[in-house]
2 protein chains.
Amino acid sequence: MNRATIYSIAQELGISASTVSRAFTRPDLVRESVREQVLQTARRLGYQPNRSARGLATGRTGLVGVLVPDITNPFFPPLVRAIEQQAATHDSDVLLVDSGVNGTAESVLIGRLLSQVDGLILASPRARSATLKQAIAGTPTVVVNRAVQGLPTVVCDNTAALQQAGQHLVDAGHRRVALLCGPASAWAANRRARAVRTWASGADVELVEFGPLEAQFEDGQRAAEDVVASGATAVLAFDDLMACGVLAGLAELGRSVPGELSVVGCDDVLLARTLTPQLTTVTAPIEELGRRAVEVLGKVVDGEPVANVSLTGTLTLRGTTAPAL
Amino acid sequence: MNRATIYSIAQELGISASTVSRAFTRPDLVRESVREQVLQTARRLGYQPNRSARGLATGRTGLVGVLVPDITNPFFPPLVRAIEQQAATHDSDVLLVDSGVNGTAESVLIGRLLSQVDGLILASPRARSATLKQAIAGTPTVVVNRAVQGLPTVVCDNTAALQQAGQHLVDAGHRRVALLCGPASAWAANRRARAVRTWASGADVELVEFGPLEAQFEDGQRAAEDVVASGATAVLAFDDLMACGVLAGLAELGRSVPGELSVVGCDDVLLARTLTPQLTTVTAPIEELGRRAVEVLGKVVDGEPVANVSLTGTLTLRGTTAPAL
DNA sequence: CTGAAAGCGCTTACAG
DNA sequence: CTGAAAGCGCTTACAG
């Protein structure tokens, strides 16, 4: 039993393939009674349009490529899912590629996607801007969680929330705060570090910096010792995963949180709420980042003008922050 | 600047498109010097084969569809990544679809994938076997984390490890053990529950069952109260996420782990190690499940005979289990 | 509203 | 080892 095609349907109905095709893609151009017959026999025959054929004819694949640095980092799954759901709205599916923290050259992976997608969403890419722009070679692209000159961007601005977090710590009596910086090649890491530094320079607080560190649990864990040695009583971590690592490291060292030290994360991923006590963090509208990215990408693909979007994170106070001793 | 095609390369070199095509797909059929010229000008022109055209001609899309119930559950990201990396080995990419815990009919999502993939990997599908088999409509498919009659399967057998976990608890003096069952429609949940029941019936222990529950953090959290009320001193949770929820719930109730109660998870996802203390659990070879699934799928696609694969989980003792008071 | 025909960019017998 | 040609299953001007 071969797969049904528009021809088998056409033959069955004694009409032309053109009409069958139109019944699906331009239903308004087909007489209603005919359209219904087509749809009905299509269903009966289990017809599914051949995407390759359609793609070849239209130049559109109905696929959006999504590149993430590490799907294992709990920030990305909700983002990817939101992208996928929003894309489904446009009859598109998601081609997912993980560049691996190791960094299997992002440009290589992009190249692999290029020939099969209508557009690309690069989430937190690490490669240099020039490299990225060369790699995408003109393919409609939107960058999430990073600004790249000349490419549409969807980011979350956590500046204000991070500064509020800092202020929250100072208000609680903390005077020495550790800043755990994320990966040097991560735009968000630099952005966040800068926000904290700016705040610190104008506040009654001493900032002690550590890093750059990889945004992994283990890196945060290892940093705990240095944090304790520094005499800091509070920690601002690049992200929740890292904060989580610090928490584990501090526990190993017998330090209590929030009793002896306070810890603040960033992003508010699932992990933040599964901890006991729950993590004080900056909540990012992850799903909305994903949805907006798809929206913007759609416009780029259609050649419409687009504006960068910048959402904002909000401080969420939970159990890992408390007054300094 | 239009995209380069085999024709532009052929013209540039004064050879036929057939030869250009062969230089890529059947290099052994092309004189070396010619092949090299082709490859070189291809690179110079930034040529990328049009996947739609290739797909239409060969009937292969180079895509494998992966359906997960909830990419947000930390079990799936490493699985998906392993699948993706292994697929890359076969020059294939991953089309990811999340059915959402809500359960956007899996068969609908499968239908959406059908026309664009060479094969399907269904991870922990929830739909009934008959429904699944009808939905895939003959497309090469392998099922991960579930057995479906007539479909090749890649699972992790945790029976022995779970029974060891139980024995570990009994040895530590626990006589009343709570079993938190996972979703009724999840094959693994039933499998695990059965393993525990079998063990319990032959051991000096009283088993108290709760559930079925959704495999979410909150469900475990809510269950804590009942667990405490039951007088159980130890908990076997369907998976780590649920175990994590119980831990949080117990903490809210002021119960210490492993002081007053012991908790055991299953899968050993990232979450298990980010907890303090770390979670005693059954470690599943998640990456290998993914790789094997792709291997098996490859054989199915090629029409080779396949055997189901069953890997085994191993008990990993960590910090959430201790002798009963 | 409908059909005949060309074309999308590949692959692959077939013939040399 | 190479080329001419047909075909994969759609879409879409073009003509009616």
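The values are calculated or read from the model by the stated rules, or taken from the named source; none is laboratory data. Since the structure is predicted, the reported quantities are computational estimates derived from the model, not experimental observations. Because the Cβ atoms are built from the backbone with ideal geometry, glycine has one as well, and the counts that use them run over all protein chains shown. Remember, those area values only see protein heavy atoms, side chains included, never the ligands or the DNA or RNA. Shrake-Rupley method; radii C 1.70, N 1.55, O 1.52, S 1.80 Å.
Values for this structure:
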read-out	value
Evaluation of B:Asp267 against (1) within 27 Å of the chain's Cα centre (by Cα); (2) in contact (Cβ under 8 Å) with a residue 40 or more places away in the chain; (3) away from chain A (no Cβ under 14 Å) (one fails), failing number	(3)
Residue among B:Ala224, B:Ala215 that alone is closer than 22 Å to B:Leu325 by Cβ and within 14 Å of another protein chain (Cβ to nearest Cβ)	B:Ala224
Single match in B:Asp268, B:Asp239 (criterion: at positive phi and acidic (Asp, Glu))	B:Asp268
Pairs with Cβ under 6 Å, 6+ apart, first in segment A:71-100 and within 8 Å of chain B (Cβ to nearest Cβ) and surrounded by fewer than 22 Cβ atoms within 10 Å (Cβ to Cβ), second among the hydrophobic types (A, V, I, L, M, F, W, C) and assigned to a helix (DSSP H, G or I)	A:Pro78/A:Ile286
Residue tally, condition among the acidic types (Asp, Glu) and free of Cβ contacts under 8 Å to residues at least 12 places away in the same chain, over segment A:244-264	0
Subset of segment B:32-50 [touching a helix residue (DSSP H, G or I) at 6+ places or on another chain (Cβ under 9 Å), within 12 Å of DNA strand D (Cβ to nearest atom) and open to solvent by 40 Å² or more (accessible area, probe 1.4 Å)]	B:Arg35, B:Glu36, B:Gln37, B:Asn50
Search result, residues across segment B:24-52 that are among the hydrophobic types (A, V, I, L, M, F, W, C) and more than 8 Å from DNA strand C (Cβ to nearest atom)	B:Leu29, B:Val30, B:Val34, B:Val38, B:Leu39, B:Ala42, B:Leu45
Residues of segment A:41-59 that turn out to be outside any helix (DSSP H, G or I) and more than 9 Å from every other protein chain (Cβ to nearest Cβ), as a count	1
Top-ranked residue in segment B:60-86 [being within 16 Å of DNA strand C (Cβ to nearest atom) and assigned to a loop (DSSP other than H, G, I, E, B); ranked as farthest from A:Arg273 (Cα to Cα)]	B:Arg60
Filtered residue count, segment B:63-91, keeping only those that are under 22 Å from A:Ala88 (Cα atoms) and modelled with pLDDT under 95	4
Residues within segment B:299-311 that are out of contact with any helix residue (DSSP H, G or I) (no Cβ under 9 Å at 6 or more places or on another chain) and among the small types (Gly, Ala, Ser), tallied	2
Test for B:Gly166: is it more than 27 Å from the chain's Cα centre (by Cα) and of a type in the set (Gly, Ala, Ser)	no
Residue selected from segment A:109-130 under the condition open to solvent by 50 Å² or more (accessible area, probe 1.4 Å) and modelled with pLDDT of 90 or more, by the criterion farthest from the other protein chains (Cβ to nearest Cβ)	A:Arg128
Residues of segment B:196-232 satisfying the condition of being crowded, with 21+ Cβ neighbours inside 10 Å and either under 19 Å from B:Ala161 (Cα atoms) or without any contact (Cβ under 8 Å) to a residue 12 or more places away in the chain (or both)	B:Val196, B:Trp199
Test result for B:Cys244, modelled with pLDDT of 95 or more, in contact with a helix residue (DSSP H, G or I) (Cβ under 9 Å, 6 or more places away or on another chain) and away from every other protein chain (no Cβ under 14 Å)	no
Scope segment B:1-23; condition within 11 Å of DNA strand C (Cβ to nearest atom) and not β-branched (Val, Ile, Thr); matching residues	B:Asn2, B:Arg3, B:Ala4, B:Tyr7, B:Ser8, B:Ala10, B:Ser16, B:Ala17, B:Ser18, B:Ser21, B:Arg22, B:Ala23
Residues within segment A:141-183 that are under 23 Å from A:Arg128 (Cβ atoms) and surrounded by fewer than 18 Cβ atoms within 10 Å (Cβ to Cβ), tallied	4
Listing of helices (runs of 4 or more DSSP H) fully contained in segment B:234-325 that carry 2 or more residues being touching a strand residue (DSSP E or B) at 6+ places or on another chain (Cβ under 7 Å) and open to solvent by 10 Å² or more (accessible area, probe 1.4 Å)	B:286-301
Scope segment B:5-31; condition assigned to a helix (DSSP H, G or I), within 9 Å of DNA strand D (Cβ to nearest atom) and loosely packed, with under 15 Cβ neighbours inside 10 Å; matching residues	B:Ala17, B:Ser18, B:Asp28, B:Leu29
Residue check for B:Glu225: assigned to a helix (DSSP H, G or I) and over 27 Å from the mean Cα position of the chain (by Cα)	yes
Subset of segment A:51-70 (residues that are without any contact (Cβ under 8 Å) to a residue 24 or more places away in the chain and open to solvent by less than 40 Å² (accessible area, probe 1.4 Å))	A:Ser52, A:Ala53, A:Gly55
